[in-house]
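Scroll down for the structure; my scribbles are underneath it.
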Amino acid sequence: MHRETPVDTTQRDGEPPVGPAPPQQWPPRIPRTHAPWWMRIRDLVLTIAVWLAYLWILRKPIVIVIGWFSPGLEAFLRKKIDIAFTVDLRPYVWIAAVLVAWLVLSGVLRRRDLSRQVDAEHNVPPLPPEQHFAIAGVLVSKLPVWRESRCLRVHFDEGRITSVTVTPSS
């Protein structure tokens, strides 16, 4: 059980079940996808290119930070790297324009695939309310109360949910 879970989690009459939210996974992970190999290579190349451009734009602050730790290395880097802070943004604007044009053209050429709906074989039908209630541990006899409710009033005490009151529709 999660250590912040309240001890008293019994359901009271007329109140919906209240449970703590599960702890979030940290750090957040992006799940692997089944993208084609060329998309993965493209994403890797674009990511590396953007990071290199970012490092190049921030070369002066990076050399200054290195200088805090090693003044000799800072002097060496100032001789080897032109860190004058005059960044000509035209190449970046052209690169951005080309990438935007490529994305727009790709979207227009693949609009049929991008707007396609889920196949019927992959369409998962929704669970009926009875199964939802059974999974949540709520009595099915409470189904009319939940259907009539339009507002749930949540009561907090020291950052925890203490109770939930169902407000029927008027």
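The values are calculated or read from the model by the stated rules, or taken from the named source; none is laboratory data. Source: prediction; values computed, not measured. Quick note on the areas: whole protein, heavy atoms, side chains included, nothing else; ligands and nucleic acids left out. Shrake-Rupley method; radii C 1.70, N 1.55, O 1.52, S 1.80 Å.
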Revision key, fill the gap. Selection over segment 41-65 where residues are outside any helix (DSSP H, G or I) and of a type in the set (Ser, Thr, Tyr) yields a count of 0
Exercise for review: Consider ASP43 carefully, then state whether it is at pLDDT below 85 and acidic (Asp, Glu).
Suggested key: no
Check your understanding: How many of the residues making up segment 123-154 are part of a strand (DSSP E or B) and open to solvent by less than 70 Å² (accessible area, probe 1.4 Å)?
Key -> 3
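Let's see how each residue does on (1) within 27 Å of GLU158 (Cα to Cα); (2) open to solvent by less than 70 Å² (accessible area, probe 1.4 Å); (3) in a loop (DSSP other than H, G, I, E, B); (4) modelled with pLDDT of 85 or more:
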site	(1), (2), (3), (4)
GLN11	yes, no, yes, no
GLU15	yes, yes, yes, no
ALA21	yes, no, yes, no
GLN24	yes, no, yes, no
ILE30	no, no, yes, no
HIS34	no, no, yes, no
MET39	no, yes, no, yes
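Does ALA96 satisfy being open to solvent by less than 70 Å² (accessible area, probe 1.4 Å), closer than 30 Å to TYR54 by Cα, of a type in the set (A, V, I, L, M) and modelled with pLDDT under 75?
Values: open to solvent by less than 70 Å² (accessible area, probe 1.4 Å): yes; closer than 30 Å to TYR54 by Cα: yes; of a type in the set (A, V, I, L, M): yes; modelled with pLDDT under 75: no.
For ALA96, the condition - open to solvent by less than 70 Å² (accessible area, probe 1.4 Å), closer than 30 Å to TYR54 by Cα, of a type in the set (A, V, I, L, M) and modelled with pLDDT under 75 - is not met.
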